[in-house]
Amino acid sequence: MFVGALWLWGGCSSEPVTPPGVKDDLPDSELPAVLVRQDEASREACAHGGARVRSGLDANGDGVLDDAEVQHTTVICHPAPPEQEELDARVRLEPIPAGEACAEGGTAVLSGLDANHNGTLDDAEVQQRDVICRERLLTRLSPAGGACPGQGVAIDFGRDLDADGALSQGEIVATQVECSDVLSGTFTVRTAQELAALAPIRVIIGSLRFTALPLETVSLPGLEVITGDLTLTDHRMMKSFSLPALVSVGGFLRMSYNALLAQVDFAKLQRVEQELMLYDNPLLETVAGWPELDSVGALSLGHNSSLVDLRGFTKLRAVRGNVLVYSNDALADFSLHLTRVGAVMVRSNPSLRTMSLKVPDDSGSSSLSFVGGALVEGNPALTTLELGFPTVTGNIQILHDAALQEVTVTSWQLEGSLIIEDDSALARVIAPNLNVVSGSLRLARSPIEQLDFGPSPLSVRGELRVANTKLTAFSATQHVSDVGGDASFSGNSLMTSLALSRLHGGLSVSSNDALTDLSLVNTDVLEGSLGVEGNSRLESLEGVRSRDIRGDLYIQAGSRMTRLSLPELRWVRDSVYLLGTDLVDVGLDALEFVGQDVRVGYTAMSRWKGLGALRQVAGNFLVFNHPSLQEVSLPRLQSSAVLNIYGNPVLTRLSLPLFTSATSVTISDNAALPVCEVDRFFSQLPPGLGSQEGNDAAGVCSSP
């Protein structure tokens, strides 16, 4: 018995092996060597003399490079006078590792003239580089016959010297006879003879490959162990494949591109150390051929157009890596009960109706984990989905499943994100035990009517996004108690109430046309921005109790909002934008400081209301396009970088008694504002700071 890498082909092989006595580094006496022959060049080839360098493999092993063995010829000529010197032609050999240049490695023959007379060919002197590749080692398998007292296998090894792809008798350099039931090597079976030669084998220390066998039925009833890979691929005739005694595969098991394969028998197979791959087996309807399979390194099922379900994996409990199930046209049910699994992707299975991935009911453990998360996407017939593992350490993404009506996640903790988007029939999301989402929670473009998050609301440590659902309410007491990142709610046409607590990012609320009640409590400092836009029934922001906004404040008031409020807000670290054609009071009565710009425009105010405590604006302050505004009154405002009041057609009075500091002040295009009123305001500023145009030159100033 021998141990080494061995490739078995139907009749021949072109894959590398290392049998006894035949190694990649054998001495020249045992394998064809690269030989170089140097002769004087003819005068026709080199007018001033030179050398002809020939190289090739010593195919017949006589130590001489015969003319028939020459693969490359290079002529090195001496230069013409007066530059002519007595230069010797030199040759240097360099090994080439296996790779693109030579699949099995080889030798580079470098030649040129020794210009510096140092006796060696330096890199700068190389004029020609020829590559001589080693031939691949071929194998041939046959019954051992009388060489063994019982059954055995004879394996011939040789190199394909004539490059015809077959191992002929004259090319054999070694023969190994194996009389035991254990083989070491890597074997490929292509013929019935090769298959018959493996009949007595019980253990293969290495890998086994079946490819393009011209048989309808293939069976090795005595094979129990394969320590490497098992591959079954590219069969047009095979209908049945059976390894009924096989217990374990130490590498991967791949079955692919088998056009007629319908029956598989791995009756005793318990473990596949690496990946089990089944793809492009169009007649395979079931996985019942794996009744004892308990553990695999990973699982991939794809393009098996007749596969109906996975119920044949009755004992499968551990998938140490990922599960990938895709494009199986007839797959109607996906049910696996596992104690261990990596990431799961189920995608583009057009007939899939139900999916259940959870721990077994009798597992008796609360510490099992769903290691890598799940992606369920583009399964147009899927109606129900259940994911049940105590802890999920990756993301759960449920996307573009057009018929999906209900999602159940029975996990306690999700150490990733829960993303449910573009499921156009989804009405209900159930997570009765879930209490922590370490990533984001995103529910978008799905008509979700009901969220059941169990006895306690969720803690979401990342982003919260709820968009285009049919939820009527969302609250901190029933749904999400705190949010570690930004929260956004948009396009929820039936949502009337939104109540949040302990928000650590920003908040965006937009285009929720039924929203009448918005509150944010237990959030003294809003770390991001607050944006409220286009909520046509929302009347006020009285329920938002933050004192400090670290980002922008952007309000585009809807038609019902006449008074903005935000009664406790004192600081906005970035900019303030206040817009709304029905606003008569911009509120913000406690706001004292704005870190960047303030822009107030397009309101319905006739007399200025709001911003009564504002003292300083670090950026620009713009008051513009108020069609009914008669007076601007900012009693405590002391400074801004720029003050610009423009486009207010009925404005007649300015009241900014404490304003004395700016880099520039421009008051323009206020048709009813007397110029003298503007001049009076400018008189409290440093000279030359203010400018005006387009105001009422004939207007009469009011009394101070």
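The values are calculated or read from the model by the stated rules, or taken from the named source; none is laboratory data. Quick caveat, the model's predicted, so the values are computed rather than measured. Cβ coordinates were reconstructed from backbone atoms using ideal geometry, including for glycine residues, and neighbour counts include every protein chain displayed.
Name the one entry in L269, L278 that is assigned to a strand (DSSP E or B) and in contact with a strand residue (DSSP E or B) (Cβ under 9 Å, 6 or more places away or on another chain). Can you show your working first?
Values: L269 fails: assigned to a strand (DSSP E or B).
None of the others qualify; the one that does is L278.
Within segment 400-411, track down each residue that is under 12 Å from L387 (Cα atoms) and either surrounded by 17 or more Cβ atoms within 10 Å (Cβ to Cβ) or within 24 Å of the chain's Cα centre (by Cα) (or both). Give the steps one after another, and end with the answer.
Let us first name the residues in segment 400-411 that are under 12 Å from L387 (Cα atoms), namely 406-411.
V407, T408, V409, T410, S411, listed by residue number.
Please count how many residues of segment 674-692 are outside any helix (DSSP H, G or I) and surrounded by 12 or more Cβ atoms within 10 Å (Cβ to Cβ).
7
Could you tell me how many of the residues in segment 629-656 are surrounded by fewer than 17 Cβ atoms within 10 Å (Cβ to Cβ) and farther than 19 Å from A672 by Cα?
Result for segment 629-656: 6.
Residues in segment 429-462 that are under 23 Å from F389 (Cα atoms) and within 25 Å of the chain's Cα centre (by Cα): how many?
11
Can you find a residue in segment 104-117 that is loosely packed, with under 14 Cβ neighbours inside 10 Å, at pLDDT 75 or above and more than 53 Å from the chain's Cα centre (by Cα)? Explain how you work it out, then say what you get.
Going residue by residue through segment 104-117, those that are loosely packed, with under 14 Cβ neighbours inside 10 Å are 116-117.
Now drop any that are not at pLDDT 75 or above, which leaves 116-117.
Checking which are more than 53 Å from the chain's Cα centre (by Cα) leaves us with 116-117.
Yes, some residue in segment 104-117 is loosely packed, with under 14 Cβ neighbours inside 10 Å, at pLDDT 75 or above and more than 53 Å from the chain's Cα centre (by Cα).
Being closer than 25 Å to L338 by Cα and either outside any loop (DSSP other than H, G, I, E, B) or at pLDDT below 95 (or both), is that true of even one residue in segment 419-427?
Yes, that holds for at least one residue.
Kindly evaluate S559 against the criterion of being touching a residue at least 40 places away in the same chain (Cβ under 8 Å) and small (G, A, S).
In short, no.
Scan A641, A672, A697, A662 and give me the residue that is in contact (Cβ under 8 Å) with a residue 12 or more places away in the chain and under 17 Å from V576 (Cα atoms).
A641
Is at least one residue of segment 506-522 under 23 Å from Q405 (Cα atoms) and within 28 Å of the chain's Cα centre (by Cα)?
Taking every residue of segment 506-522 in turn, none turns out to be under 23 Å from Q405 (Cα atoms) and within 28 Å of the chain's Cα centre (by Cα).
Every residue, every condition in (1) in a loop (DSSP other than H, G, I, E, B); (2) surrounded by fewer than 18 Cβ atoms within 10 Å (Cβ to Cβ), yes or no:
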residue: A298; (1), (2): no, no
residue: L301; (1), (2): no, no
residue: F313; (1), (2): yes, no
residue: V325; (1), (2): no, no
residue: A330; (1), (2): yes, yes
residue: L336; (1), (2): no, no
residue: L357; (1), (2): no, no
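Kindly provide the set of residues from segment 397-418 that are β-branched (V, I, T) and within 21 Å of Q478 (Cβ to Cβ), ordered by number.
V407, T408, V409, T410
For segment 445-463, what are the residues that are in a loop (DSSP other than H, G, I, E, B) and without any contact (Cβ under 8 Å) to a residue 40 or more places away in the chain?
Going through segment 445-463, the residues in a loop (DSSP other than H, G, I, E, B) turn out to be 445-449, 453-457, 461-463.
The answer is R445, S446, P447, I448, E449, F453, G454, P455, S456, P457, R461.
Out of segment 523-556, which residues are acidic (D, E), under 35 Å from the mean Cα position of the chain (by Cα) and in a loop (DSSP other than H, G, I, E, B)?
E527, D552
Given the conditions (1) touching a strand residue (DSSP E or B) at 6+ places or on another chain (Cβ under 7 Å); (2) under 20 Å from V572 (Cβ atoms); (3) in a loop (DSSP other than H, G, I, E, B), which single one is not true for A590?
Only one criterion is unmet by A590, namely (1).
Between residues in segment 262-276 that are of a type in the set (G, A, S) and residues that are assigned to a strand (DSSP E or B), which pairs lie under 8 Å by C-beta distance while being six or more apart or on different chains?
Filtered contacts from segment 262-276: A262/S240.
Scan segment 464-501 for residues that are under 17 Å from L414 (Cα atoms) and either touching a Cys at 6+ places or on another chain (Cβ under 8 Å) or part of a strand (DSSP E or B) (or both) and jot them down.
Passing the criteria: L464, R465, V480, S481, D482, V483.
Scan segment 207-222 and report the pairs whose first residue is loosely packed, with under 15 Cβ neighbours inside 10 Å and whose second residue is modelled with pLDDT under 95 and among the β-branched types (V, I, T), with Cβ atoms within less than 8 Å and a gap of 6+ or a chain change.
Taking only residues 6 or more apart or on different chains, the pairs are P214/T191.
When the residues of segment 359-382 are narrowed to those that are at pLDDT 75 or above and buried (at least 22 other Cβ atoms within 10 Å of the Cβ), which ends up nearest to S335 (Cα to Cα)?
First, pick out the residues of segment 359-382 that are at pLDDT 75 or above: 359-360, 372-382.
Next, from what is left, pick out any that are buried (at least 22 other Cβ atoms within 10 Å of the Cβ): 359, 373-374, 376, 379, 382.
Working: V359: 11, G373: 16, A374: 14, V376: 14, N379: 15, L382: 13 Å.
My answer is V359.
I need the full set of residues from segment 606-628 which are within 19 Å of V650 (Cα to Cα) and either surrounded by fewer than 23 Cβ atoms within 10 Å (Cβ to Cβ) or acidic (D, E) (or both), in order please.
S606, R607, K609, L622, F624, N625, P627, S628
Under 6 Å between Cβ atoms, at least 6 apart or on separate chains: pull out the pairs that start in segment 515-536 with a residue that is surrounded by fewer than 19 Cβ atoms within 10 Å (Cβ to Cβ) and end on any residue that is of a type in the set (D, E, K, R).
T516/R537; V521/R545; N522/R502; D524/R547; V525/D548; E527/R550; S536/D513
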